[in-house]
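Everything below concerns the one structure shown next.
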Amino acid sequence: MPDWPVTTTEGTLVRAEDSGKAKERGSEPARHRPRSSQVSEREARVLSLQRLAGNAAVSRAIDEARHQHGPGCGHADTSVQRSADSELHEHGPGCGHGETTVQRRVSPGDAIASPGKPLPSRIVERMEQEYPMKFGHVRLHDNPVAQRSAADHGALAYTTGSHIVSGRSSLDDETLYHEAGHVWQQAMGKVAGTDDGTGTKVSSPGDPFEVKATENGRRMARGESPDLALPGSATGGGVQRAVGAPAEHVQRAPANAAPQTAPQPQIGLPPDLNAALGREIPDYWNDLQWADSGQGYHTATLPRGHRVWNAIEDYARLSQERAPVTAPKGEATRMAASQSRLADPAITDEQRTSHTRRLQEGKPGGPPPPSSARMDIVEIVVCANPTLWQKYTTNRQMFHQSMITHGKQGLEASGRDRSDRIPWATGTRPDLGGAASTSVQPGYQRPDQLPPSVPQGAGEAFFWHGTGTHIMDLIDKGGPAPEMGTNKGTADKPRYGVLGQGTYVADNASKAQTYFACPQCEDPECVDATHPPRQLMLMRGLIGSPEFAHLGQNRRAEDHKTLKDGRTSLVSPGLKKNPARLGATGTNEFLIKDKSLLYPEIRVHYRRAAP
């Protein structure tokens, strides 16, 4: 194990008074969160002893209880120790009252053995703005093994090298900034730590590195810049293992709660979020564990194997099977992007190599143009933004109402769903097979039954959208911004995208893959499994009653307010698969000019599968 510290956040044997957050709260009553009622008799005795004697006494008692006596141990009167053992010993068949069952402690090495996942993009982007290093390689571990390791080290979270081990399924931004700050500290050299007896060096909440990380975490959470001055030379960090191997470090950081009070995973929408979402929600949202982003929306990680996960995998697979894309050789937009990156002195050598090579595209010995490939999905994150969701569902309800009238026989369809005319790239409407369908929540009046010819999904589909992760964060918070479409012309003679100004989306994942490269090396065809995954958005979109674009029409001067009366979107059927439709683009493209017709529901984290 490298001679790195491991940074933890306050745990069982660190008093709440040591926490900077606790000091700020003063006497504010603690918020009690639901936790398992399955508290063992042993745990109850420990908690009782802790209240009476304090954490230090409990720590000594536990150490004594775990000690096994033998020749030369230095304890002459084992009967006294046995009495102390009985307070914490759990009896079982054949225990003999002389054995002590000790569960193996999960080491930092065990905790970081799994691949983990990258830090949230908003954290990476902010850290890279404030600190003179890259954070794309940092991995966050929050699986059950990692959570147990954090608890074993008396921590809510800790950092070892470029790995952050969390005792919870989610951490707030302040804690993430704190821990990422420890990554930087450790990259700069040794930090403080004392051997805990197992060869692991553990920091204390009061050491100067911890104090600095705590201060900087708070600063960044408030939108301020961190203080990058490092404390003086580390102390207490020189103790090595008896065998001479470098010791692991655990560098601990204060937090507002010990593991006993950590919130337990809650399945389903929290009551306040559920109420804010309004009348109608996707059914599958009640299957998930939600965390507040602090940015006006909640997020949840979709479990692998969930019906929606499987439907997204099918959508991505069909995209590659039925609509693969190879970018035009030497495409001007991509070449300009590489030239711009090469002009940035902050790029890494690895990135410089990728962009230098990319500029040789189409030349003898140069690389082929990027092409789409099978997507190896590693994580799917769902966004619940009450403000954006209510705007979207209101528009959807209005569209459905526009398609029905009250006739003699009750509700009747008054018009055909024009989106049925779209030649979908994957063969059928991309609605995730109904896995993401919505239902009216209890307590809300249900509308009259829609006639059979107006299904719930009328005018709706799921669309892929590619952009930078920092832009994705802005979209999750405030929705897409059609008015921000780039004008490559002048104010008098604007020149937007091929369909005009707005938000471009697609009914297949292939084209976006060719534009968005590996976030670490920035090679569009990177298949290195150790590099962080890429991301694409999967938006729920109301295509509604679209206008169809044709090859002979020039729409580049049309801004985001220009659209034919009675139409809600613009669709260009792809010429490659539908030449008779005379679309304006090679593959299917969709332009949405009203931001409330797109909802940023899903972010798909994936790696490019090896050939």
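Annotations
- Contour excess over end-to-end distance, with Cα ends at Ser439 and Ala275 and 0.36 nm allotted per residue: 57.6 nm
- In sequence order, segment 181-187 has phi-based couplings of x, 5, 4, 5, 4, 6, 5 Hz under the Karplus curve 6.51 cos²θ - 1.76 cosθ + 1.60, θ = phi - 60°, and Gly or Pro positions carry x.
- Close amide H contacts of Leu156 (hydrogens built in the peptide plane, cut-off under 5 Å, sequence separation of 5 or more or a different chain): Thr9, Glu10, Gly11.
- For Val378, the residues whose amide H sits under 5 Å from its own are His605, Tyr606, Arg607, ignoring neighbours fewer than 5 places away on the same chain, with H placed 1.01 Å from N.
- A cut-off of 5 Å between modelled amide H atoms, ignoring neighbours fewer than 5 places along the same chain, links Glu547 with Thr568, Ser569, Leu570, Val571.
- Gained length - Asp227 relative to Ser204, 0.36 nm times residue gap less alpha-carbon distance: 6.2 nm
- Computed from backbone phi with θ = phi - 60° and the Karplus coefficients 6.51, -1.76 and 1.60, the 3J(HN,Hα) list for segment 314-328 is 5, 4, 5, 5, 5, 4, 6, 6, 9, 9, x, 10, 10, 5, x Hz; x is used for glycine and proline.
- In this calculation the C-beta distance from Glu483 to Ser114 is compared with R0 = 35 Å, giving a FRET efficiency of 0.25.
- The slack in the chain from Glu331 to Arg416, taken as 0.36 nm per residue of separation less the alpha-carbon distance, amounts to 26.6 nm.
- Karplus-derived HN-Hα couplings along segment 289-302 (A = 6.51, B = -1.76, C = 1.60, θ = phi - 60°), whole Hz, x at Gly and Pro: 9, 9, 10, 6, 6, x, 10, x, 8, 10, 10, 8, 8, 6
- Legend: calculated FRET efficiency, Ala580 to Val145, from the Cβ-Cβ distance at R0 = 45 Å, rounded to 0.05, equals 0.20.
Values in this text are rule-based calculations from the coordinates and carry no lab data. In this text, all values refer to a predicted model and were calculated from it rather than measured experimentally. With ideal geometry, Cβ positions are generated from the backbone for all residues, glycine too; neighbour counts draw on all protein chains shown.
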